[in-house]
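These notes are about the structure you will find just below.
The values are calculated or read from the model by the stated rules, or taken from the named source; none is laboratory data. None of the values given here were measured: they were computed from a predicted structure. Cβ placement follows ideal geometry from the backbone for every residue including glycine, while neighbour counts extend to all protein chains displayed.
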Amino acid sequence: MILQTDTISLTLQGHRLLNNIALDVRPGEVLGLIGPNGAGKSTLLRIMAGLLRPETGRVLLDGQDLFTMPPEKRGRHLAYLPQEAPAAIGMSVRDVAMLGRLPHRRTASAEQNETAVQQALDAVGMSAFADRSSARLSGGERARVLLARALAVQAPILLADEPVAALDPAQALTVMDLFGQCAAQGQAVAVVLHDLALAARFCTRIAVLSQGCLVSIGPPAEVLTDALFAEVYGVAVRRCGEVAVPWSLVSSARRP
Amino acid sequence: MSRYSLTVAVLSALVLALAILSLAAGPAGIGVIQGLSDMLHGRETIAATIIGQIRLPRMILALLIGGTLGLSGAALQGLVRNPLADPGVLGISGCGALGAVLVFYTGLSAVWAPALPLAALSGAGLATLLLLALTRGGTLVLVLAGAALGSMSAALLALTLNLVPSPYASYEIMHWLMGSLSRASLHDVLIATPGLLIGSALLFSTGRSLDALTLGEDVAQTMGFPLRAVQWRVVLGTALAVGSGVAVAGGIGFVGLVMPHLLRPLAGARPSRLLLPSALGGAALLLAADLFVRLPVSGAELQLGVVTSLIGTPVFFWQVWRLRGRPV
């Protein structure tokens, strides 16, 4: 399934937040949305998730307008992981992940739901904590449980807003690796990121936003140029050898 | 048997036992089975009259009103994701009672009977809408607004009753503010039951949406549960259920606050799993309280709300004590 924004714009209280953004997220890719604070990344992702209506333009899911689609159907096609989640109210880890199966309540069997939740918990490494109360988890563990909830939807489109912001480097690598696996299995993944090193390493394509405009989109090596860093972020870059970004993280031996 | 099923089974048995006890208890020493059988066969005996005209309406109303109070407490707490939500604490019952009093003492309800529950549920509905509009301000704003609504409705209610030429004004004020089933009649059952049942059905239908809401409004919406749809169902359901209850029994407090707190450890933290146990628990609490007020303790009957508050507040304090020091 392809999620497409068809030249969308949004103005809120006189501020132009997004200006004619046209991009798509394709099956098998991880699209990284990067840009300075206030560039409109999260707003764009919220529009792509159907949470905010663009002023002009359309959001299309396989050619069908996202905002005219029945909510339940949309819920099965698209999983959204917000930047901040409310404090867990003490449900077990498994129950939280099971919430991801709510959109499938009329279409999937209990076994299918159980399998999907188990796979999601395995993927984020939280199976061992399945029966623990989510109130008794660390910040990183809670972020992974909420990710498991989003994975359990098994939606063809996965949208995540700064999913690694609360994670240590090792967990961040694991989670980004997980998005890569989702893409490899045919999901279309869009991720808002601040960490350019992670973006360069794990994203198939990168879309750069600045002041509500799409500045550049393409493979990391083509997009993340010295000129772009200077123009968009206002920083200079010192390159060391063949590394494409100022610095780069590599996989650690220790797995969280 | 899971802990949830066990909780529901035990509570159901408790409600059934209390309902039977409620029919059997009273100053007139009559046989329940004899009375019921006389009533069903249309024999106009004393037992049939007492059961049919006094005890049965009282039992049905205690069961339904207690149930809807527990249920609306659980649904409101799920909707605003705040354990302090309750129709009594937030002034919803008080505003409902004010609506009922205005219609009752202007004589409008004598002309057109449905005016009474309609006025009560309008009062309760307006209060719920106002509170929902303020929930975005956070816990503090919600509780302050609820306290303000409660005090305002109590003051206006007392003022209204002081203005009507009734020698029993202070007794009437007590009835509406604290709640009572001592005057429950078959007519009250007919007036209140439709709203209580429809309201309950609406509130029960919100379970999955409330589950989704635990992940926040945005995620719930992307999963196919728009917040607005849930809000309307909870507002309408609460207004119908609480309004209809208040119209015949006054503002009975603390049931909706206490039951979800008490049952959360047993039924689990999922809001949908709390609805049925809270309804059963609320019904059991009100049936028990109504049995208690009938005990010949002080000669005059206690107000029902006095008993539920006396039972409710220690439980509430205990919960607050457990929550101390934790961030809201």
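Some points to look at:
- Residue match in region A:72-91 (condition: in contact with a strand residue (DSSP E or B) (Cβ under 6 Å, 6 or more places away or on another chain) and without any contact (Cβ under 8 Å) to a residue 60 or more places away in the chain): yes
- The residues of region A:103-115 that are more than 14 Å from chain B (Cβ to nearest Cβ) and touching a helix residue (DSSP H, G or I) at 6+ places or on another chain (Cβ under 9 Å), listed by number, are A:Gln112, A:Glu114.
- Taking region B:103-196 as the region of interest, none of the helices (runs of 4 or more DSSP H) fully inside it holds 2 or more residues being of a type in the set (Val, Ile, Thr) and within 21 Å of the chain's Cα centre (by Cα).
- Residue count for region B:195-226, restricted to those that are over 19 Å from B:Leu274 (Cβ atoms) and within 12 Å of chain A (Cβ to nearest Cβ): 8
- Just one residue in the set B:Leu144, B:Leu121, B:Leu163 is closer than 28 Å to B:Val307 by Cα and surrounded by fewer than 22 Cβ atoms within 10 Å (Cβ to Cβ); that residue is B:Leu144.
- For region B:146-167, filtering for residues that are of a type in the set (A, V, I, L, M) and in contact (Cβ under 8 Å) with a residue 24 or more places away in the chain leaves 9.
- Annotation for region B:124-134: at least one member residue is in contact with a Cys (Cβ under 8 Å, 6 or more places away or on another chain) and surrounded by fewer than 24 Cβ atoms within 10 Å (Cβ to Cβ).
- A:Asp161 being away from chain B (no Cβ under 13 Å), in contact (Cβ under 8 Å) with a residue 40 or more places away in the chain and either at positive phi or among the charged types (D, E, K, R) (or both): no
- Residue that is within 14 Å of chain A (Cβ to nearest Cβ) and within 20 Å of the chain's Cα centre (by Cα), where the choices are B:Ala100, B:Ala19, B:Ala74: B:Ala74
- Elements of type helices (runs of 4 or more DSSP H) contained in region B:200-285, each with 1 or more residues being in contact (Cβ under 8 Å) with a residue 60 or more places away in the chain and on the phi < 0 side of the Ramachandran plot: B:207-213, B:227-249, B:255-267
- Residue within region B:57-67 that is closer than 26 Å to B:Pro194 by Cβ and exposed (fewer than 14 other Cβ atoms within 10 Å of the Cβ) present: no
- Taking every residue in region B:81-106 that is at negative phi and pairing it with any residue that is surrounded by fewer than 24 Cβ atoms within 10 Å (Cβ to Cβ) and at pLDDT below 80, at least 6 positions away or on another chain, the pairs with Cβ-Cβ distances below 6 Å are B:Asn82/B:Thr139; B:Leu84/B:Val143; B:Val103/B:Ser109; B:Tyr105/B:Val164.
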